[in-house]
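Report on the following structure.
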2 protein chains.
Amino acid sequence: MNDAPLGEFDLIDRFFSRPAASRTDVILGVGDDAALLRLPPHTELVAAVDTLVAGRHFPHHCAPRSIGHRALAVNLSDLAAMGATPAWATLALTLPRADAGWLGGFSAGLLDLARIHDVALVGGDTTAGPLTISVQILGHVAAGTALRRGGARAGDLLAVTGTLGDSGAGLALATDRLVAHDPVAATALIERFDYPTPRVEFGAAARGVASAAMDISDGLAGDLPKFARASGLAAHVDVGRLPLSPALQSVVAPAQAREWALAAGDDYELLLAVAPQRRDELEAVARRLALNFAVIGELRPGNGVHWTHDGAPFAAPSHGFDHFR
Amino acid sequence: MNDAPLGEFDLIDRFFSRPAASRTDVILGVGDDAALLRLPPHTELVAAVDTLVAGRHFPHHCAPRSIGHRALAVNLSDLAAMGATPAWATLALTLPRADAGWLGGFSAGLLDLARIHDVALVGGDTTAGPLTISVQILGHVAAGTALRRGGARAGDLLAVTGTLGDSGAGLALATDRLVAHDPVAATALIERFDYPTPRVEFGAAARGVASAAMDISDGLAGDLPKFARASGLAAHVDVGRLPLSPALQSVVAPAQAREWALAAGDDYELLLAVAPQRRDELEAVARRLALNFAVIGELRPGNGVHWTHDGAPFAAPSHGFDHFR
């Protein structure tokens with residue numbers, strides 16, 4: 001909070017002072033050496049940090065509003081994967097120059113999403129340099145109830161929220177690597193890339209029902225091996241069961257859609273393990289939230305990820321398909 | 001935690017897995033979507049974030065060990081200014097390439113300081129890009145007891161810990177803008193720039209005694225106006241009372257030493273307001289910690305900073321003396 005290039009305090013006052021939340025648990029927010037926050041009783045603190053670098057996590061020409069949204073969304077997604085309730089965030093913003101237009105869009109994207117989840121921006125640091133955005137998200141969860149990656153048991157079903165691959169298609173469309181003949185589908189897919197929706201409500205409702213969870217940020221082919229390893233199990237997945245949106249299926253052939261679903265990343269859906277007898281409960285949560293929910297396979301004793309397609313072994317695309325990764 | 005360029009997980013395993021602290025309040029550290037942490041009862045959470053950019057906050061050729069130390073030290077200094085006890089940190093590290101030598105030095109600098117303060121590194125995110133380091137520090141303070149910037153009253157004395165200007169001299173020496181004839185003094189001053197000491201113990205002991213505090217990171221001339229404004233008071237300071245170390249006085253003339261003390265920054269000492277009748281208590285704390293403690297002026301009704309030297313008005317150097325700011 002002490003560094004003052006670019007008129008940091010002007011910037012923060014001007015663009016980040018719009019109240020994002022009306023929280024009574026912020027004793028002291030932006031403006032002192034540190035924030036003072038009150039955690040609810042009988043909860044654990046949940047903390048995560050994610051960094052976005054221009055040209056790597058989003059195209060250089062990306063709308064600033066989308067960048068602001070994404071910077072918070074990827075962090076909210078980490079809390080969703082723990083079943084935690086987000087509460088506060090800090091922002092470390094490094095940018096080449098203070099451009100009022102850019103900052104206006106960026107802050108609107110970040111603060112609009114913050115308000116949806118009642119998250120208060122309680123601290124920040126603005127420095128001059130190459131565009132890099134780190135958001136740290138803080139939240140809480142009832143003691144002992146957080147969802148973990150490593151809680152799955154053999155026999156658990158593997159499931160995902162929403163649909164996969166939409167962001168990969170959206171990025172291809174936004175960067176003119178793909179031309180779609182259906183403008184409505186194209187707009188919807190680009191929106192999915194630009195404004196990912198963290199599954200915070202689903203994650204909170206899955207506590208005590210799912211046995212393990214993580215968010216899918218690098219693509220299922222990149223994230224599922226970590227998920228299976230955390231519980232010391234083997235994942236068996238039929239790629240024919242991957243949930244693909246009608247929009248995605250309308251713009252590319254099935255093989256391309258599956259490739260994006262597996263390797264493009266940026267979907268920010270949840271990957272869950274659930275005992276077969278509790279599957280109904282997660283399906284009910286999904287229905288209540290009007291969210292797709294798909295069982296894609298199961299966890300068995302062993303290790304690694306065993307992909308099949310129509311019963312035959314299938315080689316998942318290697319990670320790194322997307323040129324921004 | 002989800003991004004995996006440069007073999008992030010290898011990096012974190014290899015360089016950051018050395019236990020920095022043996023805390024029983026880390027329920028879940030690095031390796032899941034978020035960390036789970038247990039706050040002591042009847043405390044408030046204290047959170048701050050600071051970013052370092054190469055070529056701006058430290059010279060490009062700076063030793064990686066010093067950069068790692070600094071990244072945590074500047075954040076610990078923010079908690080010291082609140083009188084808080086640091087507990088956990090997360091690291092967002094953006095670096096051009098995975099260089100084992102650089103990472104070894106950087107992590108040693110960060111983790112050695114973390115161990116001194118019993119801080120656990122509980123999360124991180126490593127991405128490829130221009131060297132940028134954001135550390136978020138988390139700690140706690142007994143509810144209602146945190147030191148704030150704005151708690152001072154008219155009549156309070158203004159005081160600082162340690163000595164000022166040493167880091168400015170150290171940077172000038174390290175970057176060959178200054179040649180010292182006393183190698184022992186030069187080494188000591190460079191050490192002050194490379195390895196700033198956050199005044200965590202002093203800050204904690206000043207709770208309930210000092211009426212306000214902040215850390216001096218931008219230089220007294222930059223930080224004192226903010227400090228006075230936070231309490232709605234005028235600061236009156238005699239620059240002849242600025243605490244200058246023997247080492248600093250041995251390498252440059254008094255006017256240059258005062259200029260660094262006022263404007264060079266990076267000293268990470270504490271600026272405090274204390275009622276005159278409680279001055280003895282802070283002096284006793286300083287003696288116990290073998291730390292210099294100097295009263296430099298007082299707060300009076302009004303606003304702004306009124307500098308004097310030997311009774312005559314004095315114009316403080318404008319901020320931005322240091323070419324790294």
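Condition check ((1) free of Cβ contacts under 8 Å to residues at least 40 places away in the same chain; (2) aliphatic (A, V, I, L, M); (3) farther than 25 Å from residue A:153 by Cβ) across all residues:
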site: A:239; (1), (2), (3): no, yes, no
site: A:245; (1), (2), (3): no, no, yes
site: A:251; (1), (2), (3): no, yes, yes
site: A:257; (1), (2), (3): no, yes, yes
site: A:261; (1), (2), (3): no, yes, yes
site: A:269; (1), (2), (3): no, no, no
site: A:281; (1), (2), (3): no, no, no
What residue, of A:92, A:108, A:80, A:87, is free of Cβ contacts under 8 Å to residues at least 60 places away in the same chain and open to solvent by less than 10 Å² (accessible area, probe 1.4 Å)? A:92
Does residue B:189 count as touching a residue at least 40 places away in the same chain (Cβ under 8 Å) and either assigned by TED's automatic domain parsing to the domain that holds residue B:79 or under 16 Å from residue B:260 (Cα atoms) (or both)? yes
Evaluate region B:161-181: report whether one residue or more is touching a strand residue (DSSP E or B) at 6+ places or on another chain (Cβ under 7 Å), away from chain A (no Cβ under 14 Å) and on the phi > 0 side of the Ramachandran plot. yes
Here is a list of conditions, (1) under 18 Å from residue A:231 (Cβ atoms); (2) more than 14 Å from chain B (Cβ to nearest Cβ), and residue A:206 meets all of them except one; can you say which number that is? (2)
List the number of the failed condition for residue A:77; all other conditions in (1) modelled with pLDDT of 95 or more; (2) more than 10 Å from chain B (Cβ to nearest Cβ) hold. (2)
Could you please let me know if residue A:215 is within 17 Å of residue A:84 (Cβ to Cβ), touching a helix residue (DSSP H, G or I) at 6+ places or on another chain (Cβ under 8 Å) and among the acidic types (Asp, Glu)? yes
Could you check, for region B:229-237, whether at least one of its residues is at pLDDT below 95 and either open to solvent by less than 30 Å² (accessible area, probe 1.4 Å) or not acidic (Asp, Glu) (or both)? no
What number goes with the only condition from (1) open to solvent by 40 Å² or more (accessible area, probe 1.4 Å); (2) in contact with a strand residue (DSSP E or B) (Cβ under 9 Å, 6 or more places away or on another chain); (3) more than 10 Å from every other protein chain (Cβ to nearest Cβ) that residue B:27 does not pass? (3)
Would you confirm, using the coordinates I've provided, whether residue A:242 is more than 11 Å from chain B (Cβ to nearest Cβ), within 22 Å of residue A:312 (Cβ to Cβ) and either at pLDDT below 95 or open to solvent by less than 40 Å² (accessible area, probe 1.4 Å) (or both)? yes
Here are the criteria: (1) closer than 11 Å to residue A:248 by Cβ; (2) within 20 Å of the chain's Cα centre (by Cα); (3) modelled with pLDDT of 95 or more. Tell me which single one residue A:172 does not satisfy. (3)
For region A:55-71, what are the residues that are modelled with pLDDT of 90 or more and within 14 Å of chain B (Cβ to nearest Cβ)? A:70, A:71
Filter pass, residue B:273 being crowded, with 23+ Cβ neighbours inside 10 Å and within 22 Å of residue B:308 (Cβ to Cβ): yes
Would you mind telling me which numbered condition in (1) more than 21 Å from residue A:117 (Cβ to Cβ); (2) at pLDDT 65 or above residue A:2 fails? (2)
State which residue pairs qualify: first residue more than 7 Å from every other protein chain (Cβ to nearest Cβ) and inside region B:42-54, second residue at pLDDT below 95 in any location, beta carbons under 7 Å apart, and separation of 6 or more residues or different chains. B:52/B:58; B:52/B:133; B:54/B:60; B:54/B:131
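The values are calculated or read from the model by the stated rules, or taken from the named source; none is laboratory data. None of the values given here were measured: they were computed from a predicted structure. Every residue, glycine as well, gets a Cβ built from its backbone with ideal geometry; the counts of neighbours run over all protein chains shown. Ligands, DNA and RNA are stripped out before the accessible areas are found, and what is left, the full protein with its side chains, is counted by its heavy atoms. Shrake-Rupley method; radii C 1.70, N 1.55, O 1.52, S 1.80 Å.
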